[in-house]
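Notes to accompany the following structure.
The values are calculated or read from the model by the stated rules, or taken from the named source; none is laboratory data. Please read these numbers as outputs of a predicted model, since none were measured by experiment. Neighbour counts are summed over all protein chains in view; Cβ atoms, including those assigned to glycine, are modelled from backbone coordinates with ideal geometry. All accessible areas refer to the heavy atoms of the entire protein, side chains included, with ligands and DNA or RNA removed. Shrake-Rupley method; radii C 1.70, N 1.55, O 1.52, S 1.80 Å.
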Amino acid sequence: MFLTISTTGTPERPASDLGFLLHKHPDKAQSFPTSHGLAHVFYPEAGAERCTAALLLEVDPVGLVRRGRGKGRGGSPTATSGSGALAQYVNDRPYAASSLLAVALGTVFKSARQGRCDQRPELAAAALPLTVTVPVLPAKAGKDGGAELVRRLFEPLGWQVRSEPIPLDPAFPDWGDSHYVSLELTGTRRLADALNQLYVLLPVLDDSKHYWVSPDEVDKLLRVGEGWLGTHPELSLITRRYFSRRWSLARSAMERLELARLAEADDRELEEIDNAVPEQEADEQAVEEKPTPLAVQRRAAILEALRAAGATRVVDLGCGEGSLVGALLKEPRITEVLGVDVSSRALGIAARRLHLDRMSERQASRVRLVQGALTYTDARLTGYDAAVLSEVVEHVDPPRLPALAYAVFGAARPGTVVVTTPNAEYNVRWESLPAGHVRHPDHRFEWDRAQFRAWARQVADSYGYGVAFAPVGPDDPEVGPPTQLATFTRTPADRPQEAANR
Ligand code: SAH
């Protein structure tokens, strides 16, 4: 198992400085024991113009088996296909770059992965021209494999990828390709990023059983993936395979990455809004100020729907800065309110605005604010009479809407769900809103009345709810009201079935 990393130098920076970054001196070959064999680091070339470091892992296949870790796939075409006693010893583990090489890379270049370089800190922070080669990389052909998957994993990260299938035997082209590809990555980036990406993606390509998965692996993956994994288009495949299909870990990683990403986007958005207050006011408040602000009318309509449903325990999903939570607490009938939002910043503002820290114990026992992502099922959301999604669905990427619908209507299943969202048709009535614009920079879409109703009816049908619609704000004869509201009521017939499902 073998991989090389090369860089080129400049007049100010000799290529051999790579040795500082890797914390391994270019003039000597060094060996390090790892849990799967001996790792060797050496430099086939270490000049001012070009420098290449090689990592070679000499796997101890017998040791692997003795430690109960040898059940890789049978690699040689003559070996029995991965099963049987012989395959424990005769397999591709010693030869193909794989999870074992990733472990070695992770250990031997740990400081480099963490971007630490006391002697040349500026070098660790700099993007360097890099070429990584892995001559033999297991990547089974097929839908989720082969050279094509290699590209899908590395190209979105900005690497130029050269990946070729390796024939089973060049002398017999008819035999076709092996399960291995060669890989060459070229790109300009921090060495630490390159190493972290290899550390995560080599085992993903390998997709055989990995040996080191433990619960704190989720924390580790989030650390190692910082800055590149959360937005990777193959995130789901990567986490699934990285955790060897241990779904709970993969899910937990996805959820936390999504939380981090949403919170980041949200912080950016709030900052943008902070920086652009005058325009924002012109856009949203001025049009909403007369005669009663739309936000006030919206809260009144939601409270009315909840009153009609007889709800006393309510969860406000995407509660934002807590204005509805505050209004709910003013209703003596409401005994319990849970506010949920993905943005810790919004929740902090909500806590301050509601004076949570100064509340009497009795009041404080009625309200809780928690952080959560609505596109994941969450046991904390079950058992409420009613849930509110006030101006939230339009902040969710359309492909994630079914997940939100499932989490709310399929899993939490409150008796009543109240949803409000802008009516796009009304936008022509906002004088300050340029034609074709949405009302808020973070709106992923705005529905017209027909689109909202179609979505609502489909969700209601799928999850055993009835749905009724109401306008909020002046109901314009031509374009309808500015805000549309739907009240979903769980159908009683669903209850026995629900009980049976438990
Ligand atoms: N309900 C409030 C806030 C609406 S703004 C009101 O009516 O005024 C939309 C809110 O939804 C934001 O606070 C945002 O952080 C939150 N949000 C968006 N996507 C979310 C998600 N996937 N999970 C949880 N909250 C989300």
For this session: Residue by residue through region 353-366, note down the ones that are within 15 Å of the ligand (Cβ to nearest atom) and either free of Cβ contacts under 8 Å to residues at least 24 places away in the same chain or small (Gly, Ala, Ser) (or both).
Result: none
Exercise. Of the residues that make up region 202-216, is at least one charged (D, E, K, R), at pLDDT 85 or above and either crowded, with 17+ Cβ neighbours inside 10 Å or farther than 16 Å from VAL132 by Cβ (or both)?
Worked result: no
Exercise. In region 332-347, which residues are at pLDDT 90 or above and either under 19 Å from THR312 (Cα atoms) or exposed (fewer than 15 other Cβ atoms within 10 Å of the Cβ) (or both)?
Worked result: ARG333, ILE334, THR335, GLU336, VAL337, LEU338, GLY339, VAL340
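Per-residue answers, yes or no, for (1) under 14 Å from THR131 (Cα atoms); (2) at pLDDT below 80; (3) more than 29 Å from the chain's Cα centre (by Cα):
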site	(1), (2), (3)
ASP144	no, yes, no
GLU148	no, no, no
LEU153	no, no, no
PRO156	no, no, no
GLN160	yes, no, no
SER163	yes, no, no
LEU168	no, yes, yes
ASP174	no, yes, yes
LEU185	yes, no, no
For this session: Examine region 471-489 for a residue that is in contact (Cβ under 8 Å) with a residue 60 or more places away in the chain, within 16 Å of the ligand (Cβ to nearest atom) and either open to solvent by 40 Å² or more (accessible area, probe 1.4 Å) or assigned to a helix (DSSP H, G or I) (or both), and state whether such a residue exists.
Result: no
Exercise. From the list THR382, THR375, THR420, which one is within 12 Å of the ligand (Cβ to nearest atom) and out of contact with any strand residue (DSSP E or B) (no Cβ under 6 Å at 6 or more places or on another chain)?
Worked result: THR375
Exercise. Has region 146-167 got any residue that is touching a residue at least 40 places away in the same chain (Cβ under 8 Å) and assigned to a strand (DSSP E or B)?
Worked result: no
Seminar exercise, completed: Cβ pairs under 6 Å, 6+ apart or interchain, first in region 398-418 and within 20 Å of ALA309 (Cβ to Cβ) and β-branched (Val, Ile, Thr), second within 15 Å of the ligand (Cβ to nearest atom) and open to solvent by 10 Å² or more (accessible area, probe 1.4 Å), ordered by first then second residue, are VAL418/ALA305
Exercise. Looking at region 385-401, which of the residues that are more than 11 Å from the ligand (Cβ to nearest atom) and open to solvent by 10 Å² or more (accessible area, probe 1.4 Å) is nearest to GLN484 (Cα to Cα)?
Worked result: PRO398
Seminar exercise, completed: Scanning region 416-439 for residues that are surrounded by 21 or more Cβ atoms within 10 Å (Cβ to Cβ) and of a type in the set (Val, Ile, Thr), the one nearest to ARG490 (Cα to Cα) turns out to be THR416
For this session: Return the total of residues in region 310-340 being under 20 Å from LEU374 (Cβ atoms) and within 16 Å of the ligand (Cβ to nearest atom).
Result: 17
Seminar exercise, completed: Of (1) within 12 Å of the ligand (Cβ to nearest atom); (2) touching a residue at least 60 places away in the same chain (Cβ under 8 Å); (3) open to solvent by 20 Å² or more (accessible area, probe 1.4 Å), LEU369 fails just (2)
Problem set entry | region 402-415: number of residues that are open to solvent by less than 10 Å² (accessible area, probe 1.4 Å) and either at pLDDT below 95 or touching a Gly at 6+ places or on another chain (Cβ under 9 Å) (or both) | 2
Exercise. Does LEU55 satisfy the condition of being modelled with pLDDT of 90 or more, open to solvent by less than 10 Å² (accessible area, probe 1.4 Å), in the same structural domain as SER178 (by TED's automatic domain parsing) and outside any loop (DSSP other than H, G, I, E, B)?
Worked result: yes
